[in-house]
Structures are given as structure tokens and as C-alpha cells.
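Structure, as C-alpha cells:
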Amino acid sequence: MDVIDINGQRRDCDEIVLDQQYPGYVTLKFTSRNRGRQYLEWCPIDEFNKNNPELSAVLGSPTPPPKSDLGVATHGGEFYLEDTTKNWEDNLYVGYMVWIARGMGEGQIRLIKSNSKNNLTIDKAWQIIPNETSQYVVSRDIHDVKILDNRLPTDLT
């Protein structure tokens, strides 16, 4: 089927599926015309629907991905960060990244493997364990972090 890909090019696509590993993204499977090899591309759902409105029914009614979040840690451990002010849904942020934006451990980024209502479990140990001075951002787009309202948590008061 013809699709407009993420680069705005019309191409023949073999398969379109919601990506289970990256909420909010569509996986497109293509076969190279020159070499016959299959490869995948990813596209945000909203961008795919904007470029391919006639194909939006193929995706059904996907649940929108959770929004990015931020806060100040209340405690940290080797493989977790805790914020007792939160009340997240269990495993809402699996596959997202957590970035320590300020304070103890600043600059570290880790993949979230699971989460409970106020605890993020990460994929590898912190080099510097976050503490109550650590401000963090949870986002699926950590490579292009967008601070909420252009402010970090301590700026919200």
C-alpha cells in the first residue's frame, strides 16, 4: 500500500502496525526495490495520520501515549528513583527514559524498565545515585527533551 513516509516521500509499504515497544509510534515495514531486503521505519502516530489520513483506520483507535512528566526525587537507589508525590499507573512509563536534569546525578539518562505509583526502576545502575536535590524528566523523546512550559520542577513554585 502507498504511504507518505516520515520524510514526506510516497512509498510502497508492506505492513503498518502500532509499535508495542514504543507507545505513540507506528512501525512501517518496507522492502528495498534494489536489494529486496526488508527494513523498518518508525513514525509518530499523529504524524502518520496527518500524512496518511486515508490510512488512519488501519491503526484503529490507539490509546495516546502518556505525556512526559517531571519532578523532584524523594529518594534514589542503585536501580531506581522514587518520587512520593506521584501516583503513576503501574508500568505507564516502560520504555521511556528518565533524565536527571539538575541536582545530584545531573546529566544521567536511564531506560525505565518498570514503574509503580511513585517509583521508576531503571535498566542499569546510576553512576551517582539521585537524592532529594535531583530534578528529573521522564520522556519518550529524551534525545529532544522538551521541558514542560520551559520550566523545571523548582521553577513551578
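Being within 19 Å of Ile129 (Cβ to Cβ), among the aromatic types (Phe, Trp, Tyr) and in a loop (DSSP other than H, G, I, E, B) is the filter here, so list the residues in the range 74-102 that pass it. Matches in the range 74-102: Phe79 only. Of the residues Leu156, Leu152, the single one that is modelled with pLDDT under 95, more than 25 Å from Tyr25 (Cα to Cα) and surrounded by fewer than 15 Cβ atoms within 10 Å (Cβ to Cβ) is Leu156. Residues of the range 108-118 that are of a type outside the set (Lys, Arg) and buried (at least 17 other Cβ atoms within 10 Å of the Cβ): Gln108, Ile112, Asn115. The single residue among Glu54, Glu41, Glu47 that is assigned to a helix (DSSP H, G or I), acidic (Asp, Glu) and in contact (Cβ under 8 Å) with a residue 12 or more places away in the chain turns out to be Glu47. When Gly71, Gly105 are checked against the criterion of being buried (at least 17 other Cβ atoms within 10 Å of the Cβ), at pLDDT 95 or above and assigned to a loop (DSSP other than H, G, I, E, B), a single residue qualifies: Gly105. For the range 26-40, a residue qualifies if it is surrounded by fewer than 16 Cβ atoms within 10 Å (Cβ to Cβ) and not basic (Lys, Arg), and the qualifying residues are Thr31, Ser32, Asn34, Gly36, Gln38, Tyr39, Leu40.
The values are calculated or read from the model by the stated rules, or taken from the named source; none is laboratory data. No experiment lies behind these values; they were computed from the predicted model shown. So basically every Cβ, Gly included, is an ideal-geometry build from the backbone, and we count neighbours across all protein chains shown.
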